[in-house]
Amino acid sequence: MSNDRIGLIGCGAMGSALVKGMITRGGVDSSSVFLYDLNDERKKQLAAEFNCIPANSYKDFVPDCKYIFIAVKPQDIEGLLYSLKPLVQPEQICISIAAGITISYIESCLFSGAKVIRLMPNTPCLIGEGSIAISTGDTVTDEERRKAESLLKPLGMTVRLPENLMDAATGLSGTGPAYVYLFIETMIDAGVSVGIRRDVASKLVIQNVIGAAKMLDSNAQHPAELRNIVTSPAGTTSAAMLILEENGFRSCLIKAVREATKRSKELRMG
Ligand SMILES: NC(=O)c1ccc[n+]([C@@H]2O[C@H](COP(=O)([O-])OP(=O)(O)OC[C@H]3O[C@@H](n4cnc5c(N)ncnc54)[C@H](OP(=O)(O)O)[C@@H]3O)[C@@H](O)[C@H]2O)c1
(Lines give C-alpha, C1' and ligand atoms only; values in the text may rest on other atoms or scores of the structure.)
Protein backbone atom coordinates (compact mmCIF):
# COMPACT_ATOMS: atom_id res chain seq x y z
CA MET A 1 0.00 0.00 0.00
CA SER A 2 1.36 3.41 -0.92
CA ASN A 3 1.51 5.68 2.10
CA ASP A 4 0.46 8.63 0.00
CA ARG A 5 -2.79 7.25 -1.32
CA ILE A 6 -5.99 8.87 -0.16
CA GLY A 7 -9.53 7.62 -0.75
CA LEU A 8 -12.57 9.85 -0.36
CA ILE A 9 -16.07 8.44 -0.09
CA GLY A 10 -18.83 11.02 -0.57
CA CYS A 11 -18.18 13.81 -3.08
CA GLY A 12 -20.81 16.26 -1.80
CA ALA A 13 -20.32 19.69 -0.24
CA MET A 14 -17.78 18.72 2.43
CA GLY A 15 -16.08 15.95 0.48
CA SER A 16 -15.44 18.41 -2.36
CA ALA A 17 -14.03 20.95 0.11
CA LEU A 18 -11.62 18.34 1.48
CA VAL A 19 -10.40 17.33 -1.97
CA LYS A 20 -10.06 20.89 -3.21
CA GLY A 21 -8.09 22.01 -0.16
CA MET A 22 -5.74 19.03 -0.09
CA ILE A 23 -4.94 19.28 -3.80
CA THR A 24 -4.96 22.98 -4.61
CA ARG A 25 -3.45 24.32 -1.40
CA GLY A 26 -1.93 21.26 0.24
CA GLY A 27 0.13 20.05 -2.69
CA VAL A 28 -1.28 16.50 -2.46
CA ASP A 29 -0.62 14.66 -5.72
CA SER A 30 -4.04 14.38 -7.39
CA SER A 31 -3.09 11.07 -9.03
CA SER A 32 -2.94 9.54 -5.55
CA VAL A 33 -6.48 10.62 -4.66
CA PHE A 34 -9.33 8.20 -5.37
CA LEU A 35 -12.93 9.35 -5.31
CA TYR A 36 -16.14 7.41 -4.88
CA ASP A 37 -19.77 8.49 -4.61
CA LEU A 38 -23.05 6.69 -5.19
CA ASN A 39 -23.86 9.62 -7.44
CA ASP A 40 -21.71 8.79 -10.44
CA GLU A 41 -22.02 12.20 -12.04
CA ARG A 42 -20.90 14.01 -8.87
CA LYS A 43 -17.90 11.72 -8.53
CA LYS A 44 -16.84 12.16 -12.16
CA GLN A 45 -17.23 15.93 -12.04
CA LEU A 46 -15.08 16.28 -8.94
CA ALA A 47 -12.48 13.87 -10.32
CA ALA A 48 -12.32 15.82 -13.60
CA GLU A 49 -12.04 19.17 -11.82
CA PHE A 50 -9.05 18.13 -9.73
CA ASN A 51 -7.56 15.38 -11.88
CA CYS A 52 -8.25 12.67 -9.29
CA ILE A 53 -9.12 9.07 -10.00
CA PRO A 54 -12.82 8.16 -10.04
CA ALA A 55 -13.26 4.64 -8.64
CA ASN A 56 -15.98 2.23 -9.71
CA SER A 57 -16.31 0.41 -6.40
CA TYR A 58 -14.91 0.41 -2.86
CA LYS A 59 -12.72 -2.60 -3.56
CA ASP A 60 -11.03 -0.75 -6.44
CA PHE A 61 -9.33 1.71 -4.12
CA VAL A 62 -9.98 1.12 -0.40
CA PRO A 63 -7.37 -1.66 0.04
CA ASP A 64 -4.69 0.60 -1.51
CA CYS A 65 -5.24 3.76 0.51
CA LYS A 66 -3.51 4.77 3.74
CA TYR A 67 -6.22 7.37 4.50
CA ILE A 68 -9.90 6.79 3.81
CA PHE A 69 -12.00 9.92 4.23
CA ILE A 70 -15.67 9.25 4.92
CA ALA A 71 -17.83 12.22 3.92
CA VAL A 72 -21.34 10.82 3.65
CA LYS A 73 -24.39 11.88 5.68
CA PRO A 74 -24.68 10.31 9.16
CA GLN A 75 -27.71 8.26 8.11
CA ASP A 76 -25.67 6.64 5.30
CA ILE A 77 -22.72 5.69 7.45
CA GLU A 78 -23.88 2.34 8.82
CA GLY A 79 -24.43 0.72 5.42
CA LEU A 80 -21.17 2.18 4.15
CA LEU A 81 -19.13 0.86 7.09
CA TYR A 82 -20.48 -2.65 6.64
CA SER A 83 -19.45 -2.50 2.98
CA LEU A 84 -15.97 -1.33 4.02
CA LYS A 85 -15.55 -3.89 6.81
CA PRO A 86 -14.01 -6.67 4.67
CA LEU A 87 -11.73 -4.20 2.86
CA VAL A 88 -10.17 -2.10 5.63
CA GLN A 89 -6.84 -3.29 7.09
CA PRO A 90 -5.54 -2.55 10.61
CA GLU A 91 -2.84 -0.14 9.34
CA GLN A 92 -5.29 2.03 7.39
CA ILE A 93 -6.79 5.16 8.88
CA CYS A 94 -10.49 5.99 8.47
CA ILE A 95 -11.20 9.69 8.84
CA SER A 96 -14.88 10.45 9.33
CA ILE A 97 -16.53 13.86 9.18
CA ALA A 98 -20.05 12.58 9.89
CA ALA A 99 -21.79 14.62 12.57
CA GLY A 100 -22.71 12.64 15.68
CA ILE A 101 -21.03 9.38 14.63
CA THR A 102 -18.59 8.26 17.33
CA ILE A 103 -15.19 6.67 16.95
CA SER A 104 -16.34 3.64 18.97
CA TYR A 105 -19.35 3.20 16.70
CA ILE A 106 -17.12 3.22 13.61
CA GLU A 107 -14.71 0.77 15.26
CA SER A 108 -17.61 -1.51 16.18
CA CYS A 109 -18.85 -1.56 12.56
CA LEU A 110 -15.35 -2.21 11.20
CA PHE A 111 -13.36 -4.22 13.75
CA SER A 112 -11.93 -3.73 17.20
CA GLY A 113 -8.68 -1.77 17.01
CA ALA A 114 -9.46 -0.10 13.68
CA LYS A 115 -7.66 3.24 13.36
CA VAL A 116 -10.27 5.99 13.34
CA ILE A 117 -10.05 9.77 13.34
CA ARG A 118 -13.16 11.88 13.73
CA LEU A 119 -13.34 15.43 12.41
CA MET A 120 -15.82 18.22 12.64
CA PRO A 121 -15.01 20.66 9.83
CA ASN A 122 -17.06 23.55 8.49
CA THR A 123 -17.73 24.95 5.03
CA PRO A 124 -15.05 27.72 5.04
CA CYS A 125 -12.68 24.75 4.51
CA LEU A 126 -13.58 25.35 0.85
CA ILE A 127 -11.42 28.49 0.86
CA GLY A 128 -8.82 27.35 3.37
CA GLU A 129 -10.43 29.27 6.25
CA GLY A 130 -12.19 26.38 7.98
CA SER A 131 -12.10 25.35 11.61
CA ILE A 132 -11.68 21.63 12.17
CA ALA A 133 -12.08 19.86 15.50
CA ILE A 134 -10.18 16.57 15.61
CA SER A 135 -10.42 13.53 17.89
CA THR A 136 -8.46 10.34 17.48
CA GLY A 137 -9.16 6.75 18.45
CA ASP A 138 -6.84 4.92 20.87
CA THR A 139 -4.97 3.00 18.20
CA VAL A 140 -4.01 6.08 16.15
CA THR A 141 -0.41 7.00 16.92
CA ASP A 142 0.76 10.59 17.54
CA GLU A 143 2.65 10.49 14.28
CA GLU A 144 -0.42 9.34 12.37
CA ARG A 145 -2.48 12.10 13.96
CA ARG A 146 0.18 14.69 13.04
CA LYS A 147 0.23 13.41 9.45
CA ALA A 148 -3.57 13.69 9.29
CA GLU A 149 -3.36 17.22 10.71
CA SER A 150 -0.82 18.17 8.07
CA LEU A 151 -3.17 16.87 5.36
CA LEU A 152 -5.91 19.07 6.83
CA LYS A 153 -3.76 22.20 7.24
CA PRO A 154 -4.64 23.67 3.82
CA LEU A 155 -8.32 23.55 4.79
CA GLY A 156 -7.96 25.77 7.83
CA MET A 157 -6.98 25.48 11.45
CA THR A 158 -7.29 22.30 13.48
CA VAL A 159 -8.10 22.04 17.18
CA ARG A 160 -7.71 18.80 19.13
CA LEU A 161 -10.71 17.97 21.29
CA PRO A 162 -11.63 15.03 23.50
CA GLU A 163 -14.31 13.04 21.73
CA ASN A 164 -17.01 13.82 24.27
CA LEU A 165 -16.92 17.43 23.00
CA MET A 166 -17.38 16.60 19.32
CA ASP A 167 -21.15 17.15 19.44
CA ALA A 168 -20.45 20.51 21.03
CA ALA A 169 -17.95 21.28 18.25
CA THR A 170 -20.69 20.41 15.75
CA GLY A 171 -23.16 22.78 17.43
CA LEU A 172 -20.62 25.59 17.76
CA SER A 173 -18.28 25.32 14.81
CA GLY A 174 -19.65 22.86 12.21
CA THR A 175 -22.89 24.83 12.28
CA GLY A 176 -21.11 28.11 13.07
CA PRO A 177 -20.97 29.62 9.58
CA ALA A 178 -24.80 29.47 9.39
CA TYR A 179 -25.09 31.67 12.50
CA VAL A 180 -22.70 34.19 10.98
CA TYR A 181 -24.53 34.16 7.64
CA LEU A 182 -27.86 34.75 9.37
CA PHE A 183 -26.31 37.61 11.34
CA ILE A 184 -24.91 39.16 8.16
CA GLU A 185 -28.19 38.72 6.27
CA THR A 186 -30.12 40.36 9.10
CA MET A 187 -27.66 43.25 9.40
CA ILE A 188 -27.99 43.91 5.67
CA ASP A 189 -31.78 44.01 6.04
CA ALA A 190 -31.30 46.36 8.98
CA GLY A 191 -29.13 48.63 6.84
CA VAL A 192 -31.82 48.71 4.16
CA SER A 193 -34.44 49.53 6.78
CA VAL A 194 -32.48 52.62 7.84
CA GLY A 195 -32.17 53.82 4.23
CA ILE A 196 -28.92 52.34 2.87
CA ARG A 197 -28.97 50.64 -0.55
CA ARG A 198 -28.77 46.83 -0.28
CA ASP A 199 -25.51 46.48 -2.21
CA VAL A 200 -23.85 49.18 -0.13
CA ALA A 201 -25.23 47.74 3.13
CA SER A 202 -23.92 44.34 2.09
CA LYS A 203 -20.40 45.69 1.52
CA LEU A 204 -20.41 47.53 4.83
CA VAL A 205 -21.67 44.57 6.85
CA ILE A 206 -19.33 41.98 5.33
CA GLN A 207 -16.33 44.25 5.87
CA ASN A 208 -17.52 44.87 9.43
CA VAL A 209 -17.45 41.15 10.15
CA ILE A 210 -14.07 40.65 8.46
CA GLY A 211 -12.58 43.68 10.22
CA ALA A 212 -13.94 42.76 13.66
CA ALA A 213 -12.76 39.14 13.29
CA LYS A 214 -9.29 40.29 12.23
CA MET A 215 -9.11 42.68 15.21
CA LEU A 216 -9.83 39.74 17.51
CA ASP A 217 -7.41 37.50 15.69
CA SER A 218 -4.57 40.01 15.68
CA ASN A 219 -4.52 40.95 19.35
CA ALA A 220 -5.23 39.03 22.49
CA GLN A 221 -8.11 41.22 23.65
CA HIS A 222 -11.40 39.75 24.81
CA PRO A 223 -14.37 40.62 22.55
CA ALA A 224 -15.96 42.53 25.44
CA GLU A 225 -12.89 44.81 25.71
CA LEU A 226 -13.09 45.66 22.01
CA ARG A 227 -16.83 46.26 22.35
CA ASN A 228 -16.28 48.56 25.33
CA ILE A 229 -13.89 50.67 23.26
CA VAL A 230 -16.69 51.50 20.79
CA THR A 231 -19.32 52.02 23.49
CA SER A 232 -19.23 55.68 24.54
CA PRO A 233 -21.41 56.98 27.39
CA ALA A 234 -25.02 57.45 26.29
CA GLY A 235 -23.89 56.82 22.72
CA THR A 236 -25.30 54.89 19.78
CA THR A 237 -23.65 51.52 20.60
CA SER A 238 -24.88 51.69 24.17
CA ALA A 239 -28.45 52.27 22.93
CA ALA A 240 -28.15 49.33 20.53
CA MET A 241 -26.70 47.01 23.19
CA LEU A 242 -29.65 47.70 25.48
CA ILE A 243 -32.07 46.51 22.79
CA LEU A 244 -30.01 43.39 22.09
CA GLU A 245 -29.87 42.55 25.80
CA GLU A 246 -33.58 43.22 26.31
CA ASN A 247 -34.41 40.88 23.44
CA GLY A 248 -32.22 38.04 24.59
CA PHE A 249 -29.58 38.19 21.85
CA ARG A 250 -27.03 36.27 23.90
CA SER A 251 -29.37 33.71 25.40
CA CYS A 252 -30.88 33.13 21.97
CA LEU A 253 -27.46 32.33 20.48
CA ILE A 254 -26.47 30.14 23.42
CA LYS A 255 -29.74 28.22 23.10
CA ALA A 256 -29.18 27.79 19.35
CA VAL A 257 -25.72 26.27 19.92
CA ARG A 258 -27.10 24.01 22.67
CA GLU A 259 -29.94 22.87 20.40
CA ALA A 260 -27.54 22.12 17.53
CA THR A 261 -25.34 20.16 19.96
CA LYS A 262 -28.37 18.18 21.12
CA ARG A 263 -29.38 17.50 17.52
CA SER A 264 -25.89 16.20 16.77
CA LYS A 265 -26.33 13.68 19.60
CA GLU A 266 -29.78 12.70 18.29
CA LEU A 267 -28.35 12.00 14.82
CA ARG A 268 -26.27 9.28 16.41
CA MET A 269 -29.37 7.70 17.99
CA GLY A 270 -31.02 7.57 14.55
N1 LIG B 1 -22.23 20.54 5.20
C2 LIG B 1 -21.63 20.98 6.29
O3 LIG B 1 -21.57 22.17 6.60
C4 LIG B 1 -20.95 20.01 7.21
C5 LIG B 1 -20.13 20.49 8.25
C6 LIG B 1 -19.48 19.56 9.06
C7 LIG B 1 -19.64 18.19 8.84
N8 LIG B 1 -20.46 17.77 7.85
C9 LIG B 1 -20.62 16.32 7.67
O10 LIG B 1 -20.14 16.01 6.38
C11 LIG B 1 -20.80 14.87 5.90
C12 LIG B 1 -21.19 15.10 4.47
O13 LIG B 1 -22.06 16.22 4.41
P14 LIG B 1 -22.33 16.94 3.02
O15 LIG B 1 -23.08 18.18 3.34
O16 LIG B 1 -21.05 17.03 2.23
O17 LIG B 1 -23.31 15.84 2.35
P18 LIG B 1 -23.73 15.71 0.81
O19 LIG B 1 -23.49 17.00 0.08
O20 LIG B 1 -25.09 15.10 0.79
O21 LIG B 1 -22.68 14.63 0.24
C22 LIG B 1 -22.70 13.27 0.59
C23 LIG B 1 -22.47 12.47 -0.67
O24 LIG B 1 -22.25 11.10 -0.31
C25 LIG B 1 -22.99 10.26 -1.20
N26 LIG B 1 -23.18 8.96 -0.56
C27 LIG B 1 -24.15 8.57 0.32
N28 LIG B 1 -23.95 7.31 0.71
C29 LIG B 1 -22.84 6.87 0.07
C30 LIG B 1 -22.12 5.66 0.06
N31 LIG B 1 -22.51 4.59 0.78
N32 LIG B 1 -21.00 5.57 -0.72
C33 LIG B 1 -20.61 6.60 -1.46
N34 LIG B 1 -21.24 7.79 -1.49
C35 LIG B 1 -22.34 7.93 -0.72
C36 LIG B 1 -24.24 11.05 -1.44
O37 LIG B 1 -24.90 10.56 -2.58
P38 LIG B 1 -26.51 10.76 -2.66
O39 LIG B 1 -26.77 12.23 -2.66
O40 LIG B 1 -26.86 10.06 -3.91
O41 LIG B 1 -27.05 10.09 -1.41
C42 LIG B 1 -23.67 12.46 -1.63
O43 LIG B 1 -23.22 12.65 -2.94
C44 LIG B 1 -22.02 14.63 6.82
O45 LIG B 1 -21.81 13.48 7.59
C46 LIG B 1 -22.08 15.85 7.69
O47 LIG B 1 -22.48 15.51 9.00
C48 LIG B 1 -21.10 18.64 7.01
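Taking residue 102, is it surrounded by fewer than 22 Cβ atoms within 10 Å (Cβ to Cβ), in contact with a Pro (Cβ under 7 Å, 6 or more places away or on another chain) and either in contact (Cβ under 8 Å) with a residue 60 or more places away in the chain or not assigned by TED's automatic domain parsing to the domain that holds residue 28 (or both)?
Here the answer is no, as residue 102 does not meet what is asked.
If you take the residues in the stretch 131-153 that are more than 19 Å from residue 264 (Cα to Cα) and within 13 Å of the chain's Cα centre (by Cα), which one is surrounded by the fewest Cβ atoms within 10 Å (Cβ to Cβ)?
Result: 153.
For the stretch 34-63, which residues satisfy the criterion of being out of contact with any helix residue (DSSP H, G or I) (no Cβ under 7 Å at 6 or more places or on another chain) and part of a loop (DSSP other than H, G, I, E, B)?
Within the stretch 34-63, 38, 39, 55, 56, 57, 61 qualify.
Applying the selection to the stretch 2-33, what residues are crowded, with 23+ Cβ neighbours inside 10 Å, outside any helix (DSSP H, G or I) and either more than 16 Å from the ligand (Cβ to nearest atom) or not small (Gly, Ala, Ser) (or both)?
Once the filter is applied, which keeps residues that are crowded, with 23+ Cβ neighbours inside 10 Å, outside any helix (DSSP H, G or I) and either more than 16 Å from the ligand (Cβ to nearest atom) or not small (Gly, Ala, Ser) (or both), the stretch 2-33 yields 6, 8, 9, 11, 33.
For the stretch 34-42, indicate whether the set of residues that are more than 14 Å from residue 69 (Cα to Cα), within 15 Å of the ligand (Cβ to nearest atom), among the basic types (Lys, Arg) and assigned by TED's automatic domain parsing to the domain that holds residue 98 is non-empty.
Yes, the stretch 34-42 contains at least one residue that is more than 14 Å from residue 69 (Cα to Cα), within 15 Å of the ligand (Cβ to nearest atom), among the basic types (Lys, Arg) and assigned by TED's automatic domain parsing to the domain that holds residue 98.
Identify, by number, the condition in (1) assigned by TED's automatic domain parsing to the domain that holds residue 122; (2) surrounded by fewer than 15 Cβ atoms within 10 Å (Cβ to Cβ) that residue 161 doesn't meet.
(2) is the only condition that residue 161 fails.
With respect to residue 92, determine if the residue is buried (at least 20 other Cβ atoms within 10 Å of the Cβ) and polar (S, T, N, Q).
Values: buried (at least 20 other Cβ atoms within 10 Å of the Cβ): yes; polar (S, T, N, Q): yes.
Yes; evaluated as a whole, the condition is true for this residue.
Which condition from (1) loosely packed, with under 11 Cβ neighbours inside 10 Å; (2) part of a helix (DSSP H, G or I) is the one that residue 178 breaks?
Residue 178 satisfies all of (1) loosely packed, with under 11 Cβ neighbours inside 10 Å; (2) part of a helix (DSSP H, G or I) except (1).
I'd like the full set of residues that are among the charged types (D, E, K, R), within 20 Å of the chain's Cα centre (by Cα) and modelled with pLDDT of 95 or more, limited to the stretch 22-41. It would help to see each step written out before you state the result.
Going through the stretch 22-41, the residues among the charged types (D, E, K, R) turn out to be 25, 29, 37, 40-41.
Within this subset, residues satisfying the condition of being within 20 Å of the chain's Cα centre (by Cα) are 25, 37.
Of everything in the stretch 22-41, just one residue is among the charged types (D, E, K, R), within 20 Å of the chain's Cα centre (by Cα) and modelled with pLDDT of 95 or more, namely 37.
Among the residues of the stretch 193-202, how many are out of contact with any Leu (no Cβ under 9 Å at 6 or more places or on another chain) and either surrounded by 14 or more Cβ atoms within 10 Å (Cβ to Cβ) or not assigned by TED's automatic domain parsing to the domain that holds residue 258 (or both)?
Residues of the stretch 193-202 that are out of contact with any Leu (no Cβ under 9 Å at 6 or more places or on another chain), as a first pass: 193-195, 197-202.
So of that shortlist, the ones also either surrounded by 14 or more Cβ atoms within 10 Å (Cβ to Cβ) or not assigned by TED's automatic domain parsing to the domain that holds residue 258 (or both) come out as 201-202.
Of the residues in the stretch 193-202, 2 are out of contact with any Leu (no Cβ under 9 Å at 6 or more places or on another chain) and either surrounded by 14 or more Cβ atoms within 10 Å (Cβ to Cβ) or not assigned by TED's automatic domain parsing to the domain that holds residue 258 (or both).
With a cut-off of at least 1 residues that are within 16 Å of the ligand (Cβ to nearest atom) and either more than 19 Å from residue 7 (Cβ to Cβ) or touching a Gly at 6+ places or on another chain (Cβ under 7 Å) (or both), name the strands (runs of 3 or more DSSP E) lying wholly within the stretch 88-162.
On the way: elements: 93-96, 115-120, 130-136, 156-160.
Output list reads 115-120, 130-136, 156-160.
Tell me which of these residue 47 doesn't satisfy, since it passes every other one: (1) at pLDDT 95 or above; (2) within 12 Å of the ligand (Cβ to nearest atom); (3) of a type outside the set (Phe, Trp, Tyr).
Residue 47 satisfies every listed condition except (2).
Could you run through the stretch 77-99 and say how many residues are farther than 13 Å from residue 14 by Cβ and touching a residue at least 24 places away in the same chain (Cβ under 8 Å)?
Matching residues across the stretch 77-99 total 16.
If a residue must be surrounded by fewer than 22 Cβ atoms within 10 Å (Cβ to Cβ) and within 20 Å of residue 93 (Cβ to Cβ), how many such residues does the stretch 35-61 contain?
Of the residues in that region, 5 qualify.
For residue 237, are the conditions met, namely being assigned to a loop (DSSP other than H, G, I, E, B), away from the ligand (no atom under 15 Å from the Cβ) and either in contact (Cβ under 8 Å) with a residue 12 or more places away in the chain or surrounded by 12 or more Cβ atoms within 10 Å (Cβ to Cβ) (or both)?
In short, no.
The values are calculated or read from the model by the stated rules, or taken from the named source; none is laboratory data. Since we're looking at a predicted model, the values are computed, not measured. Quick reminder, even Gly has a Cβ in these numbers, built from the backbone with ideal geometry, and neighbours come from all protein chains shown.
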